[in-house]
Structure formats: structure tokens, C-alpha cells
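Comments concern the structure below.
The values are calculated or read from the model by the stated rules, or taken from the named source; none is laboratory data. The structure displayed is predicted, hence computed values, not measured ones. When we count neighbours, we look across all protein chains shown, and the Cβ atoms used for this are built from the backbone with ideal geometry, even at glycine.
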Amino acid sequence: MKIYFGSERIPCSLLNESFNSLIDDMQEGRDMMLRELVLKNRSCRRFYEDHAVERGTLEELVDLARYTASAGNLQPLKYLLSSDRRKNELIFPNLAWAGYLTDWPGPPPGERPSAYIIILGDTDIARSFGCDHGITAQTIVLGAREKELAGCIIASIKRDELRGVLRIPGRYEILLAVALGKPKEEVVIETVGADGDIKYWRDTGAVHYVPKRPLEELIVEPL
Ligand SMILES: Cc1cc2nc3c(=O)[nH]c(=O)nc-3n(C[C@H](O)[C@H](O)[C@H](O)COP(=O)(O)O)c2cc1C
């Protein structure tokens, strides 16, 4: 294992003890921050639409995503960025919001995302994209959360229509959309109840509740 700082390559064995303990401290701190970030990183579907998300911010998020794992290290994903009102208005009607909230048609004008990153698979590089796009989508929303923004990964997309309005060439498969903006929604995590219902729901104050299965249900021990 080597730790790289900039272009300098420092084998762990050459690091002195105190430096190693500093790294340990940093890593412990980073673990705590990651847990907090993951817990805070809820899917958000209502935004302060007039809070602009600059194109540079979207580029930073893609720059973060490009360091993630990729099957065979093929890195076949490409990204279409939208941070302007005109393009956002073309994208929005082609996304489906919160399927379980059947009486909610999605965010109204004023609460719509300020930006989108559409994740594309480049079929000149790979035929299928495995779970690469899930990994990069999650990295993008975590990166956004760190910047006090929030996002929602969206797979329910009218793909043909979106391709048409954005003139996306046929070589790119439309994989996911990530909607981004300044969050206006309060989201609460709860534990899935005895009835096993995993559907998210909203109370009369529009607080959004997301049931998560408890840890003991997730670990499989056949023996
Ligand atoms: C692959 C994937 C596809 C999703 N597609 C949609 C979607 O089409 N529309 C939507 O509103 N939310 C979508 N979501 C968000 C999920 O509904 C959300 O992750 C889930 O309700 C749990 O909430 P949480 O992200 O706050 O934990 C998607 C999430 C993932 C990971």
C-alpha cells in the first residue's frame, strides 16, 4: 500500500511512526464524516429553483465521479450537464418523480431542480455498463451534499423523448439522471415497521419519511 501526495509517491514503509498515526487520525475523522454525509444524503425532490448551480460545480462533481471504480477500468460513462433554465425545462418533463406518492405529480415550478447531470453510457467503449453508473451517481449526490446541495438519482426517464429534445447521439445509452439543487425538503429516516412497508411517505407538513431496513435484517448467516 502506498500513499500518494500529489505526484510524490511515498511507500507506507518509509513513513515514520508519528506521520502514520496522523494518517490514522485523519482516517478516523474521515470515517465519521462519511457516515454523517451518507445519512444526510437523502433523495431530495423539492428545491429552491432560483438558487443557481453553476456549470463549474457540475464539472467538479463529474471530476469527483471519474475517480470511482469501473468494471475492467473501461470508464465508459459520459456526462451531459445542464445548469441553465432552457435546458432544464427540456429535461424536467421527461423524468418521473416519487412513484409511491401517487397524488404528487412532482415538484411545481419554483421547486424544480436547478441543474441536472445525465449519465450516459458510451457504446463505443462498452456494450453494457454494469453498476458503474450507480457508483458514479451516488458519488455525485454525495459530492453535492458536501457542497450543501442535494440530489435525486432518477431512472424513470422517457428516454426516447429526452434523447430527442437534447439531441443525444445514438452511440450514448441514457442510463440515469441526477437532479440537483439547493434542498427545500425535510427528509426523515425511519425504521421499516413490522408490516414490512418500505414505501416512503409524506405527512401533512410535506415532511418526507424514508423507511430503512434495520441492520439485523440485512446480514445473512446461513450457518
Ligand atoms: C437507481 C435508482 C433509481 C431511482 N429512480 C428514481 C426515480 O425515477 N424517481 C424518483 O423520484 N426517485 C428515484 N430514485 C430515488 C429513490 O426513490 C430513493 O433512493 C429511495 O426512495 C430512498 O430514499 P433515499 O435516497 O433518501 O434513501 C432512484 C434511486 C436509485 C438508486
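Checking the conditions here, which among 112, 159, 163 is among the basic types (Lys, Arg) and closer than 26 Å to residue 50 by Cβ?
Answer to the selection: 112.
Restricting attention to region 91-134, which residues are among the charged types (D, E, K, R) and in a strand (DSSP E or B)?
Across region 91-134, the qualifying residue is only 122.
If you take the residues in region 151-204 that are of a type in the set (Ser, Thr, Tyr) and buried (at least 17 other Cβ atoms within 10 Å of the Cβ), which one is nearest to residue 132 (Cα to Cα)?
Step by step, filter region 151-204, then rank; the result is 172.
With 71, 52 as the choices, which residue is away from the ligand (no atom under 16 Å from the Cβ), out of contact with any helix residue (DSSP H, G or I) (no Cβ under 8 Å at 6 or more places or on another chain) and either hydrophobic (A, V, I, L, M, F, W, C) or not assigned by TED's automatic domain parsing to the domain that holds residue 145 (or both)?
So the residue among 71, 52 that is away from the ligand (no atom under 16 Å from the Cβ), out of contact with any helix residue (DSSP H, G or I) (no Cβ under 8 Å at 6 or more places or on another chain) and either hydrophobic (A, V, I, L, M, F, W, C) or not assigned by TED's automatic domain parsing to the domain that holds residue 145 (or both) is 52.
Within region 206-223, restricting attention to residues that are among the β-branched types (Val, Ile, Thr) and in a loop (DSSP other than H, G, I, E, B), which residue is nearest to the ligand (Cβ to nearest atom)?
Within region 206-223, the match that is nearest to the ligand (Cβ to nearest atom) is 207.
State yes or no: is residue 86 at pLDDT 95 or above and within 16 Å of the ligand (Cβ to nearest atom)?
Answer is no for this residue.
Do you know which residues across region 157-205 are touching a residue at least 40 places away in the same chain (Cβ under 8 Å), in a loop (DSSP other than H, G, I, E, B), more than 10 Å from the ligand (Cβ to nearest atom) and over 23 Å from residue 143 (Cα atoms)?
158, 168, 171
Within region 91-144, track down each residue that is among the charged types (D, E, K, R) and over 22 Å from residue 211 (Cβ atoms).
111, 112, 122, 124, 127, 132
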